[in-house]
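One structure is given here, and the rest of the page talks about it.
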Amino acid sequence: MVRREHDGPGDDVLVAAVVERSHEALAEIYRRHGGAVWSIAKQVCGAEHAEEVCQAVFTELWSQPERFDPAEGGLRSWLVARAHGRAVHIARSHETHRHQDRDAQTARTPPSAEVEVAGHARALTEAGRRAIDKLATAEREAILLAYLGGHSSAEIARLLGTLESTVKSNIRSGLMNLRRALEVEGVTT
Amino acid sequence: MTHPVGPVSDHPLDDLAAYAVDALEPAAQQAVDDHLAQCAACRAELARHRETLPTLASAEAPPSEVWQRITAAIGAPGLPDPHTGASDKAVPDRPTTGPPADEAGQNGDASVAPVSSLAGAERARARRPSPLRWAAAVAGLVAAASVGGAVGFALANSSAETSDIGSLAQQALEEPDGVLATLADSEGQSVARVVADDDGAFMLLEALQDLPEGRAYQLWSVGGPEPVSLGMLGRDGTNTVAFRLPPTITELAISVAPTSGDTTPSGGFQASGGVLQ
């Protein structure tokens, strides 16, 4: 059952108006989903780069609205996925530079996986926190380190001292359990 | 490239989940991309993963700089921020840069008009199956745009109290490299110039005809795949108007439009010219 989060025209109608070059429709889409796009980008790659990510995501929607296919999910999840992909790309390229710096000098140790997971947990919604607390520890760590930490499955395997295949499997079972838990919370579609 | 769709065990379900959270290395990501291109079941599973994720992280309103960057990139400077209602003013706040919006509206001048106008939404409404829904939407958008008294205008008109904008524009004109663009009519005559300095950009309409009531000049960015409205310039053929000139704009053009503005230019351009980068 799809829960309507907004009064007024549906997102698909607004995207159709963006195809018609309506600035106001883009503004309404930004009003509805700009916060989600901004927040995930900021969480993954930091506020400074999040501005660039948000601009890229909404400018892309403006210039190529046909890339959004409502048959394959909602507008918010599509926008957030585009933002997440860009933010992860930025975070990883900076992480590479940080590693190079660390190799060149004797630098600080990164936080432990436990500390990082606890930090990411603070960025969750109340419902998100309750849902993620229902997951097994390995699932919770894999999802938070990947989705909010922007780490690859190979990096997570190193951080947690496990196999990459195990990490991927935990991400999958974690996402499925999360979906069920969020449905119980009544916050998912 | 096509692959037969195999039994469920052939679907890369673990990689697909990792793909949904952007946790794959490039080679593995490419393999999932290839599989998704020919597997509707996995596309549906990916969509389910992606629907779940945005509900996790709390959403906070983005800072106003984000909206300013977006509106500059799409050629709609001044469109009010939907999160704050604040309009990104074309010119630094000065008491005499122009009449307030309501005053300009009363004198019948088209100088302050919605950037892209709601005409586009109206046209879209005509093609959509649910006109009542659209009527409500348009009303809602008007209300949203009116927050803070700013109605999505890009350009600050100077028809009544020109002295300040006029003198700022003159100062900019006198600076070396101050002229960013010269717009010429179909006969090659210069009819308008764009000057810029630290205070902002100014459009100097110098040799256009005054337009009758109900018509106004409209400024467009025409360097991209299709013209994008930058706002209304009023109906005076000689006038100075302040505006924000996003750095991405390469070519400008002026059309004659109804006072509410066109969504696409009609009747050809009165003048056009490239912007010096």
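All of the numbers you see were taken from the coordinates with simple rules; none came from a lab. Worth saying up front: this structure is predicted, and the values here are computed from it rather than measured. Reconstructed Cβ throughout: ideal geometry from the backbone, glycine too, with neighbour counts over all protein chains shown.
Worth pointing out:
- Other protein chain Cβ atoms within 10 Å, averaged over every residue that makes up A:171-184: 4
- For region B:52-66, backbone phi angles converted through the Karplus equation (6.51, -1.76, 1.60; θ = phi - 60°) give residue-by-residue couplings of 6, 5, x, 7, 6, 8, 6, 9, 10, 5, x, x, 5, 4, 5 Hz, Gly and Pro being listed as x.
- Taking the average, over residues, of other Cβ atoms within 10 Å as the packing measure, peptides A:71-80, A:50-59 rank A:50-59, A:71-80 from highest down.
- Peptide A:11-18 shows a mean partner chain C-beta count of 4 within 10 Å per residue C-beta.
- Alpha-carbon Rg with Dmax, taken over region A:118-189, Å: 11.8, 35
- Residues with amide H under 5 Å from that of B:E251, placed H, sequence gap 5 or more: B:V222, B:G223, B:V275
- Cβ-derived FRET efficiency at R0 56 Å, B:E65 paired with B:D34, nearest 0.05: 0.90
- When the alpha carbon gyration tensor of chain A is reduced to an equivalent ellipsoid, its three semi-axes come out at 32, 22, 13 angstrom, largest first.
- Residues B:R43, A:R172, B:R215, sorted so that the one with the fewest Cβ neighbours within 10 Å comes first: B:R215, B:R43, A:R172
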